[in-house]
1. Return the calculated 222 nm mean residue ellipticity for the chain, to the nearest 500 deg cm²/dmol, obtained by summing -39500 (n - 2.57) across DSSP H runs with n ≥ 4 and dividing by the residue count.
2. So how do 13, 48 line up by other beta-carbon neighbours within 10 Å, fewest first?
3. Between residue 7 and residue 55, what is the spin-label point distance in nm, taking each point 7 Å from the Cα along the Cα→C-beta axis?
4. Kindly identify the chain as rounded, prolate or oblate by the Cα gyration tensor criterion: order the square roots of the eigenvalues as a ≥ b ≥ c, call it rounded if a/c is under 1.5, otherwise compare a/b with b/c, prolate if a/b is larger, else oblate.
5. By counting other Cβ atoms within 10 Å of each Cβ, how are 105, 39 ranked from fewest to most?
């Protein structure tokens, strides 16, 4: 069975018109975050992505971090209210090392481990 987040991502992969995607409080979880990450690797129009309050844990953060290594258009990423912890923060920091487009990660105060990422953003 294909998840609704996977169906949405399949549509967005080649979409050139949508620049802002707000999927706040949709209970995506790690599987949804993985689908979003796969879409981010190929999508070239999305600039703002909000994934607040979605029960995303370390595994989902790792997937998103991997996508940040390949995506060169996302500028704002919001992950407020998720649970990546120190390992998730480290994964995101690694993803930011080669990402040249991300300018802001919103609401990092939810997890003290993520506050260190502010200094990584250019």
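Bear in mind that the values in this text are calculations on the coordinates, not laboratory data. Just so you know, these numbers come straight off a predicted model, no measurement behind them. Virtual Cβ from ideal backbone geometry, glycine too; neighbours counted across all protein chains shown.
1. -12000 deg cm²/dmol
2. Fewest to most other Cβ atoms nearby, the residues stand as 13, 48.
3. The answer from the label model is 1.9 nm.
4. Because a/c hits 1.5 or more and a/b fails to exceed b/c, the chain counts as oblate.
5. Fewest-to-most Cβ neighbours within 10 Å comes out as 105, 39.
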